[in-house]
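Read-outs throughout are calculated quantities, based only on the coordinates presented, and are distinct from any laboratory measurement. Only a predicted model underlies this, so the values are computations on that prediction, with no experimental measurement involved. Using ideal geometry, Cβ is built from the backbone for each residue, glycine included, and neighbour counts are taken over all protein chains shown.
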Amino acid sequence: MSASLTGFEWTLLRRDRRAWWALLCLGALVLIAFAVDLRAIAGDNAAKAEIARAERARWLGQGEKDPHSAAHYSIFAFKPTTPLAALDLGVEPFVGQTVWLEAHVQNDMLYRPQGEASALQRAGLSSPASLLIGFAPLVAFLLAFTAVAMDRERGTLRLALGAALKPRRIVASKAMAIWLALVWVLVVPVTAAATLATAALGGLSSDAALRLVLWAAAMAVYLGVLTALGIAVSMLAGSVRGALALLFGLWIVFGLALPRWANSAVERAQPLPSTQAVKQQLLDEAPSYWTAEDAKKHQASLLAKYGVSDPADLKVNLRGAELDLSERHSHQVFDRVLGGFYDRVVAQDRAYAWWGWLSPTAAMQSLSPTLAGSDFAHHRRFIDGAEHYRRELVNRMNQDVMTHRVEEGEKHTSDASLWSQIPEFRHPAPELRANWRTAAPAAAGLLGWSLVALGLLAFAARRLRP
């Protein structure tokens with residue numbers, strides 16, 4: 001009986017051309033956005049891989065030179081973008097894709113795709129997730145309005161309730177039909193496309209498969225919340241016009257007002273320092289070059305460390321030891337200043353995720369990029385990995401300088417035998433479990449909203465009378 005009722009409601013939905021075509025158009029836009037983003041990601045990854053190979057060849061073939069000079073003329077490291085980011089671009093358009101790894105400095109990342117984005121992309125309507133999160137509420141509410149409010153206005157719903165032994169089954173069948181329509185048109189096709197694309201481009205690992213399943217499940221839960229809210233509001237409203245006004249207002253509040261208000265609240269509660277202030281602090285605490293006074297002080301500390309009073313008695317190259325001391329001091333500063341800044345960005349994201357309890361849209365805005373591997377926590381993994389590689393490279397170059405003592409006027413150089421000791425830079429895709437904490441409150445908020453929506457739907461069904 002329940003399955004037949006759901007099929008009947010599905011047929012009624014398809015007969016309403018306005019709502020059905022709105023659903024199909026949104027589904028087509030989602031697939032088009034995915035195809036466009038996937039093509040851009042595949043092209044960018046291919047270009048990054050090609051340039052990375054050229055950078056590796058340049059590093060190995062740079063010829064004979066001073067090792068510390070080689071550390072200055074180091075290499076570019078490129079961040080590969082996961083194909084799953086085509087589902088939700090997250091922060092990818094706004095953060096750099098490559099970084100110059102050189103001595104003394106932890107450089108900013110370069111090339112932000114948003115700088116070359118189209119008007120549609122700059123408006124934030126370029127990814128499947130942004131389309132679903134932003135416009136699925138309108139389609140879901142339109143379907144609910146058609147299935148309940150319009151039926152009630154025409155008297156069809158009253159006749160159906162009068163003939164039904166259990167009116168709640170009619171409500172459940174309407175909700176199930178709308179939810180299945182939303183999932184089959186909006187979620188299933190793009191998830192299948194993402195599965196095929198991921199398998200073709202990089203192989204479908206267990207982590208990627210888990211991300212796809214969870215992303216589809218989260219989006220299905222989100223659509224279920226919207227469906228239940230839409231039907232409940234349509235049943236509780238006193239009139240057709242009232243239902244339409246309430247549903248439209250609900251979309252504005254959940255989809256537009258509350259997320260922006262939550263974002264402003266987080267920025268006020270946990271403000272970030274300006275980029276210029278961070279850079280100035282780095283320059284003050286870890287300058288690339290020492291003053292004469294600092295040089296004397298650090299040379300004295302090195303002599304004391306090696307237990308000698310004259311630089312000529314050192315068993316290591318003084319210049320190399322000074323370079324190593326400077327570099328390791330800068331590492332501590334970078335960890336404290338830049339690391340602290342990145343920690344505050346992650347804390348902002350986590351604080352915003354807590355606002356998912358206030359709006360299901362805010363919850364999905366936090367949860368979706370985490371599952372797609374395109375949030376800042378995943379980007380931070382690349383920053384940390386590239387910085388670790390830079391430090392290993394620079395420390396190895398300085399170590400080579402330290403172990404080769406030279407007389408005054410002499411100069412130590414190295415060649416490809418040293419350069420080849422530095423392994424090629426690779427950045428494996430971070431696993432979901434390593435970046436889950438940031439969006440965990442959003443996941444809990446979405447589940448909480450599902451319970452609220454189901455409770456509201458049950459309450460509206462109990463009040464339903466023929």
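Between helix 2-15 and the chain, what is the angle of the helix's C-alpha long axis to the longest principal axis, kept within 0 to 90° and rounded to the nearest 10?
80
Name the lysines eligible as straight-distance cross-link partners of residue 79: C-alpha to C-alpha under 17 Å, and not fewer than 8 places from it in the same chain.
48
In region 326-421, which trypsin sites (Lys or Arg not before Pro) fall in coil by DSSP and have 11 or fewer other Cβ atoms within 10 Å? Write down the numbers at each step before the final one.
Details: sites: 328, 336, 344, 350, 380, 381, 390, 391, 396, 405, 411; in loops: 405, 411.
Those satisfying the criteria are 411.
Excluding residues on the same chain fewer than 8 positions from residue 315, give the lysines whose Cα lies under 27 Å from its Cα.
Correct list for residue 315: 65, 296, 297, 305, 411.
Can you give the FRET efficiency to the nearest 0.05 for residue 299 and residue 66, using r as the Cβ-Cβ distance and R₀ = 25 Å?
On the way: r = 20 Å, r/R0 = 0.80.
The pair residue 299/residue 66 has a calculated efficiency of 0.80.
Averaging over every viewing direction, what projected area does the convex hull of the Cα atoms of region 2-462 cover, in nm²? Don't jump to the answer; show the numbers that get you there.
Working: hull surface 104.6 nm².
The directionally averaged projection comes out at 26.2 nm².
With a cut-off of at most 15 other beta carbons within 10 Å, and DSSP calling the residue loop, which chymotrypsin sites (Phe, Trp or Tyr not before Pro) in region 377-466 qualify? Please list them. Display every interim value, and only then the final one.
Values: sites: 382, 389, 419, 425, 436, 449, 459; in loops: 425, 436.
In loop regions of region 377-466 (DSSP not H, G, I, E or B), the sparsely surrounded chymotrypsin sites (Phe, Trp or Tyr not before Pro) are 436.
Give the relative contact order (percent, whole number) for the chain; include only Cα pairs under 8 Å separated by 6+ residues.
Values: 572 pairs, mean separation 115.8, N = 466.
Computed over the chain, the figure is 25 percent.
Region 170-210: Rg/Rh from Cα coordinates, Kirkwood Rh? Walk me through the intermediate numbers first.
Working: Rg = 14.6 Å, Rh = 11.8 Å.
Expressed as Rg/Rh, it is 1.24.
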